[in-house]
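Undergrad: Take a look at this one; I'll ask things after.
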Amino acid sequence: MKTANGHEIIQLFEQFSPKGLAMEGDKIGLQIGRLNKKIEKVMIALDVLEEVIDEAIEKQVQLIIAHHPPIFRPLKNVLTDTVQGRMIEKLIKHDIAVYAAHTNLDVAAGGVNDLLAEALELANPEVLVPTFETNLKKVVIYTPESHAEAIRQALGKSGAGFIGNYSHCTFSAEGTGRFLPEAGTNPYIGEQGQLESVDEVRIETIVPEHLIKKVVSAMIKAHPYEEVAYDVYPIENKGEVLGLGKIGTVDEMTLGEFVEKVKMALEVDKVRVVGDLTSKVKKVAVLGGDGNKYFKHAKFRGADVYVTGDIYYHTAHDAMMEGLNIIDPGHNVEKIMKKGVTKTLTKMCKESGYEVEIFPSEVNTDPFQYI
């Protein structure tokens, strides 16, 4: 195990939540501090408030990965006698970097909306509002047969070969590889200055564009050759469709019963509800954060109820007229990302051999009290 630097941690995180998934104009990425330093502790937070920064200082954290960007509007100045200025001052003085993943984490597979759908136990969840279609690449590798299976496994474990719900999809063909090792080489097979012919296997697979570097790196590590022959080229096939929100089904129940399920699953004491509590619920749409402008997507897709935050008064009226039930558990239920990201990033760091402690912030950042 080795201690990673900030760039290495964020490279892993961006394989999970690529910047390219973010909505246009979103304020994501490194916002405060630097990444060119050793990282021993990472804290996952929903919001970066002063209490969260104090927690990070107390726990000797070097990096905060947050869902809500602390700098969302352009700063005209940094005045240290203001709350925001004092926060930035504390972070810089204690050399704590802050990295924000906002709508890209909403959209990412395994991100905020997937976590909410999982918590609500939605069956057969689909994207509610498509925003991104993954570009695919074809990767072709040539290897001696002795290492073909090891390379296939390396490809599959690094994210290659996914077609729908099938993983580790590859195609193989046998052939003959020829090469002449020149001076200064140390060939795995053959000798310098002699033309060599080797029975080889050609392995083909598909890879999401954002995973190309990871997949190629894993393949090279598993390959025995000093110089690896491989090709990467674009294909017309389109990959997974990603987007905001999820829609799926639950066992039929009343809206009132489903409200109780939402409260328990999302760990909230109270919710706002639009609709008849005796009406039946089976098809459910969920979208983390402020989902006002997407309620018609939920209605168009046939949802019986739409679970989202920050619903406006007039949006509630519009939904009532459309016959769509709404449950508003608040924006803060996105806190589900703290444990979810902690689990995912911990696993990725362990697989990469990084010795780093990753944990969720324990500070409650919900600004509302319900009395």
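Undergrad: Quick one: residue 250 ticks every box in (1) in a strand (DSSP E or B); (2) in contact (Cβ under 8 Å) with a residue 24 or more places away in the chain; (3) out of contact with any helix residue (DSSP H, G or I) (no Cβ under 9 Å at 6 or more places or on another chain) bar one, so which box is it?
TA: The one condition residue 250 does not meet is (3).
Undergrad: Might you check whether a residue that is under 41 Å from the mean Cα position of the chain (by Cα), closer than 30 Å to residue 132 by Cβ and open to solvent by less than 30 Å² (accessible area, probe 1.4 Å) occurs anywhere in segment 176-188?
TA: Checking segment 176-188: not a single residue is under 41 Å from the mean Cα position of the chain (by Cα), closer than 30 Å to residue 132 by Cβ and open to solvent by less than 30 Å² (accessible area, probe 1.4 Å).
Undergrad: Let me ask you something else. How many residues does segment 41-60 hold that are outside any loop (DSSP other than H, G, I, E, B), farther than 14 Å from residue 339 by Cα and either open to solvent by less than 40 Å² (accessible area, probe 1.4 Å) or among the small types (Gly, Ala, Ser) (or both)?
TA: Within segment 41-60, the first condition is being outside any loop (DSSP other than H, G, I, E, B), and the residues that meet it are 41-45, 50-58.
Now restrict to residues that are farther than 14 Å from residue 339 by Cα: 41, 50-58.
With either open to solvent by less than 40 Å² (accessible area, probe 1.4 Å) or among the small types (Gly, Ala, Ser) (or both) added as a condition, the list becomes 50, 52-53, 55-56.
So the answer is 5.
Undergrad: With the requirement that a residue be touching a strand residue (DSSP E or B) at 6+ places or on another chain (Cβ under 8 Å), over 22 Å from residue 340 (Cβ atoms) and open to solvent by 10 Å² or more (accessible area, probe 1.4 Å), what does segment 304-313 give you?
TA: Filtering segment 304-313 down to residues touching a strand residue (DSSP E or B) at 6+ places or on another chain (Cβ under 8 Å) leaves 304-311.
Next cut, over 22 Å from residue 340 (Cβ atoms) only: 304-305, 311.
Within segment 304-313, 304, 311 qualify.
Undergrad: When only residues in segment 216-270 that are in contact with a Phe, Trp or Tyr (Cβ under 9 Å, 6 or more places away or on another chain) and among the hydroxyl-bearing types (Ser, Thr, Tyr) count, which is nearest to residue 117 (Cα to Cα)?
TA: 230
Undergrad: Among the residues of segment 349-371, how many are within 14 Å of residue 3 (Cα to Cα) and not in a loop (DSSP other than H, G, I, E, B)?
TA: Going through segment 349-371 one residue at a time, the tally reaches 6.
Undergrad: Another question, then. Answer with yes or no whether residue 230 is over 22 Å from the mean Cα position of the chain (by Cα), over 30 Å from residue 305 (Cβ atoms) and open to solvent by 80 Å² or more (accessible area, probe 1.4 Å).
TA: Yes: the conditions hold for residue 230.
Undergrad: I would also like to ask the following. Determine whether residue 192 is over 30 Å from residue 262 (Cα atoms) and open to solvent by 80 Å² or more (accessible area, probe 1.4 Å).
TA: yes
Undergrad: Here's a follow-up. Say whether the condition of being among the hydroxyl-bearing types (Ser, Thr, Tyr), assigned to a loop (DSSP other than H, G, I, E, B) and in contact (Cβ under 8 Å) with a residue 60 or more places away in the chain is met by at least one residue in segment 207-228.
TA: yes
Undergrad: Hey, another quick one. For residues that are among the charged types (D, E, K, R) and in a helix (DSSP H, G or I), scanning just segment 254-293, find the one that is surrounded by the most Cβ atoms within 10 Å (Cβ to Cβ).
TA: Applying the filter and picking the extreme gives 261.
The values are calculated or read from the model by the stated rules, or taken from the named source; none is laboratory data. Just so it is clear, the structure is predicted and the values come from calculations on it, not from any experiment. Glycine also receives a Cβ, built like all others from the backbone with ideal geometry; neighbour counts cover every protein chain displayed. We work out accessible area using only protein heavy atoms, side chains counted, and drop any ligands, DNA or RNA first. Shrake-Rupley method; radii C 1.70, N 1.55, O 1.52, S 1.80 Å.
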